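Here the structure is laid out as C-alpha cells; the discussion comes afterwards.
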Amino acid sequence: MTIASSSSQAGIIQRDSAWWQSAVGYQIYPASFADSNGDGIGDIPGIIAKLDHLADLGIGFIWLSPVYASPMVDNGYDISDYRAINPIFGTMADMDRLITEARARRIGIVMDLVVNHTSDQHPWFRAARADRGSPYRDYYIWRDQPPGKGTPADIEASFGGSAWSRDSKSGDWYFHLFAPQQPDLNWTNPALRAEVHAMMNWWLDKGVSGFRMDVIDLIGKQPENGIVADGPELHRYLREMHEATLAGRDAVTVGEAWSATPQNAPLYSAPDRHEVSMVFQFGHVTQFWDEKLGKWKPKPIDWPRLKSTFATWQGALHGTGWNSLFWGNHDLPRAVSRYGDEGKHRVASAKALATILHLMEGTPYIYQGEEIGMTNAGFTRIDQYRDVETLNFHRIQLAEGVDEAAFLAGARANSRDNARTPMQWSGAANAGFTQGTPWISVNANYPSLNVERDRADPDGVFQLYRRLIALRRDHAVIRHGDFRLLLPDHPALVAYQRRLGSETLLVIANMSRQAVNLPPSGISAIHGRDILTGRRVSMQPGGKFEPYETVAIWL
Ligand code: NOJ
Ligand code: CA
C-alpha cells in the first residue's frame, strides 16, 4: 500500500521515503474492540463496522492483535494455526473483507506475527511431542535434563516459573519463555525459518500491509548458553526474513524488542540493513518499574528522567533508523492513568500526552480507546482479572510473602487488563461494546467517557488526535526535523524544538496538576498561533502554564 505524502510547506526538502513515515498506526485488541454477535467477545465484523471511526481519525494502518486459531491461553498470542481465523473472531472471509474494506479507506492491516513460539496445540508441537523422530521435533527446543541439573542454568519464564516444562509424553523438557502452553520455536532450524517465511508471504499476498513482530528480539536465543534476548544470530535471521518476504514489497514492519537500546536499535531499523522498519522499545516504560518486583511495584513518573529517555532515542535514531512512538498497548496501562491525570484533568492531560508524543520524530501508535482518553480498569479484586500474567504473578508473589493489598495496588496500576476492558463506544448498556455479557468488565466510567460523547466535543480528545495526525501528514518538519530538548531539568514542563530547513516548531506542555511558570531563561518570549487550537499565544519568560496546558507554535 502506498500513501502519497507531500509537504504543504514551501521550501521544505522532500525527504519522505516510505508511506509509514507519515502514517499513524492504531492498535486493535480484537476481543475488546467491538462485538457484532452478542457473545461478549469483540470480533472482525465488529471491527469492520467501526472502520469509519478510524478513517475519520485519519490513521494509516491498523496493527491487529492476533485473530488466528488459538486456544486463547494468552488471548491469541498462542497460535495453533497461522493460516486460520479463530471462530470466535469470525471467518477467513471476514478477514478478507476487513482487508478490502480497510484498503478502501486507505488503511492498511498489519498482522501480529507471533513466531517466537506457537501454541502447544499447534500441529507442529503435537507432532514433535508425539514422536522423538518426527521432523517437527527440532522445530522446538528440548533437553533431557530437568532444570538445575547439568547445564545450562535455569531460565525464568516471563509469566513466572521456570522456562522449562516437562512434556508428559516423551518425558523430555521443552523450552517456553512465556506460558507452558507457548513452546518456543527453534530458529536455528532452517526448515522452521522457511515455514515462517512462506506463511508471511501467504499473508502479504492476501494484501496485508505488514507485520508487528511479537518479541522478535528473542528469536536468536541460545538457552544452552543462558542467552535469551538479542542472541548472536538475531540480525542474520531478520535479514534473511526480509530477503525472503519483504524485499520488493512496500510493507511496514515493527519488531517488539524489550531489549533494544539506543545503541543497538539502529541495527534493526537502518534502511540499508534491510531488517525491519522500526522497533518498539520500552526504555520509557521499564525505567519506572521496581528492580525486584518489576511492573507490580511501579515508581512514580519522573519527568526529567522520562524526557531524557525520549531525547536519547530521538537523537540515536535521527538519520540512522526510525523510532516508533507510543504510550500504551495491550500489555501496558492506559496512558492517561499512567502518565497523566485520570481524574480532574483527564481530558487536558490526555491531550497533552498526545501532543508531546505525536510531535516527535517517528511513527506514532494509538492504542484503542486512547483517542478518547480511556482510563485504567479500576479493578479491586483478583477475580475481576482475566490476564494469565496477572493471575500467575498474584499466585507467585503472594506465595513469596507479598501482601495481597500491595499486589492488587500494583495490578491496578500496571496489569495488562487495564488496557483490555472493552472499548467504550457510547452510553448504552456495556458501553455499546456488546449486546451480551462482556468477557471482561466494562469500565464503570463509560456513561460519561465514550466515543459518542468525546467525538461530539470540539475540545475533546478525539478532535485533537485527528488534528495531530493531519499535521504529521502535512509537515515534513514533524516527520523529519531534528529534535532538541529544552528545559531538560524542569520537573513539569516538557519542551522541545523540531527543526528542518528554515522551519522550527516549538512544543511546550505542563505535565503536572499545578500551574507552573516558564523559567526566566531557556526559552525566550513565545508569540504565535497555536497549531493545534488556532489560539493566539503571547508569553514572556515567567508566564504561567495552567495544569496540562500545551503550546505548539512555529517559531
Ligand atoms: C508480547 C505480547 O505483546 C504479549 O501480549 C504476549 O503475552 C507476549 N508477547 C507473548 O506472546
Ligand atoms: Ca463476538
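The values are calculated or read from the model by the stated rules, or taken from the named source; none is laboratory data. None of these values were measured; they are calculated from a predicted model. For neighbour counting, all protein chains shown are included, and Cβ atoms are generated from backbone atoms with ideal geometry for every residue, glycine included. For accessibility, only protein heavy atoms count, side chains too; no ligands or nucleic acids. Shrake-Rupley method; radii C 1.70, N 1.55, O 1.52, S 1.80 Å.
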Name the residues whose placed amide hydrogens come within less than 5 Å of the amide hydrogen of Val215, ignoring near sequence neighbours (fewer than 5 apart) on the same chain.
Glu256
About the Cα centre of the chain, what is the dipole size in debye to 20, counting +1 per Lys and Arg Cβ and -1 per Asp and Glu Cβ, all else neutral?
1260
Net dipole in debye of region 396-555 [+1 Lys, Arg Cβ; -1 Asp, Glu Cβ; about Cα centre; nearest 20]
660
At a threshold of 8 angstrom on Cα-Cα distance, excluding pairs fewer than six apart, so keeping six or more, what relative contact order does the chain reach in percent?
14
Region 381-436 versus region 63-129: alpha-carbon centroid distance in Å
24
Gap separating the Cα centres of region 457-492 and region 494-521, nearest whole Å
11
Go through region 301-362 and name the trypsin sites (Lys or Arg not before Pro) that are in a DSSP coil and have 15 or fewer other Cβ atoms within 10 Å of their Cβ.
Lys344
Per residue, what accessible area does region 38-187 have, given a 1.4 Å probe and all protein chains present, in Å²?
36
Residue-normalised value, i.e. accessible area per residue, for region 389-473 at 1.4 Å probe, in Å², stands at 42
Extension gain from Asp489 to Arg236, taking 0.36 nm per residue of separation minus the Cα-Cα distance:
87.0 nm
Trypsin sites (Lys or Arg not before Pro) within region 493-555: DSSP coil, no more than 14 neighbouring Cβ in 10 Å:
Arg535
Among beta bridges assigned by DSSP with both residues in region 19-119, the antiparallel ones amount in percent, to the nearest 5, to 20
Please list, by residue number, every one of the trypsin sites (Lys or Arg not before Pro) in region 143-228 that is coil in DSSP and has at most 16 other beta-carbon atoms within 10 Å.
Lys149, Lys169
Within the accessible area of region 300-372 (1.4 Å probe), percent carbon and sulfur:
54
Could you give the length gained by full extension between Asp474 and Ile382, i.e. 0.36 nm per residue of separation minus their alpha carbon distance, to one decimal place?
28.5 nm
Find me the longest stretch of the chain that has none of the exposed GluC sites (Glu not before Pro), where exposed means in a DSSP loop (not H, G, I, E or B) with at most 11 other Cβ atoms within 10 Å.
1-290
The Cα radius of gyration of region 45-197, divided by 2.2 N^0.38 Å with N its residue count, comes to 1.24
Report the paramagnetic label zone for Ala413: residues of region 257-285 whose backbone N is under 17 Å from a point 7 Å from Cα along the Cα-to-Cβ axis.
284-285
With each pseudo-label sitting 7 Å past Cα toward Cβ, what's the Ala104-Ala127 distance in nm, one decimal?
4.0
Dipole magnitude (debye, nearest 20) for region 156-303, charges at Cβ of Lys, Arg, Asp, Glu
260
Using all Cα-Cα distances in the chain, what percent lands in each 10 angstrom bin from 0 up to the longest?
3, 17, 28, 28, 16, 5, 1, 0
Once you have the Cα-Cα distance between Arg395 and Asp482, take 0.36 nm times their residue separation minus that, and quote the gain in nm to one decimal.
26.6 nm
Principal axes of region 127-252: Cα extent on each, largest first, Å
48, 29, 23
Given the C-alpha atoms of region 265-405, compute the convex hull and give its volume per residue in Å³.
138
Taking only Cα atoms, what is the 0 to 90° angle, nearest 10, from helix 92-104's long axis to the longest principal axis of the chain?
20
Return the distance in nm (one decimal) between the two label points of a simple spin-label model at Asp205 and Asp403, each offset 7 Å from Cα along Cα→Cβ.
6.0
Leaving ligands, DNA and RNA out of it, report the carbon-plus-sulfur percent of the accessible area of region 441-552 at a 1.4 Å probe.
46
The whole-number value in µm²/s of the Stokes-Einstein translational diffusion coefficient for region 357-431, with Rh from the Kirkwood sum over alpha carbon pairs at 4 °C and 1.567 mPa s, is 90
Share of antiparallel DSSP beta bridges in the chain, in percent to the nearest 5?
60
Applying 1/(1 + (r/R0)^6) with R0 = 22 Å to the Cβ-Cβ distance of Asp250 and Ala55, what FRET efficiency is obtained, to the nearest 0.05?
0.60
For region 103-147, just run the numbers: alpha carbon Rg, then divide by 2.2 N^0.38 Å, N being how many residues it has.
1.79
Quick one: if the Förster radius is 51 Å, what FRET efficiency do Trp303 and Ala456 give, using the C-beta to C-beta distance and rounding to 0.05?
0.95
Computed over region 460-555, Kirkwood Rh from alpha-carbon pairs, angstrom
13.9
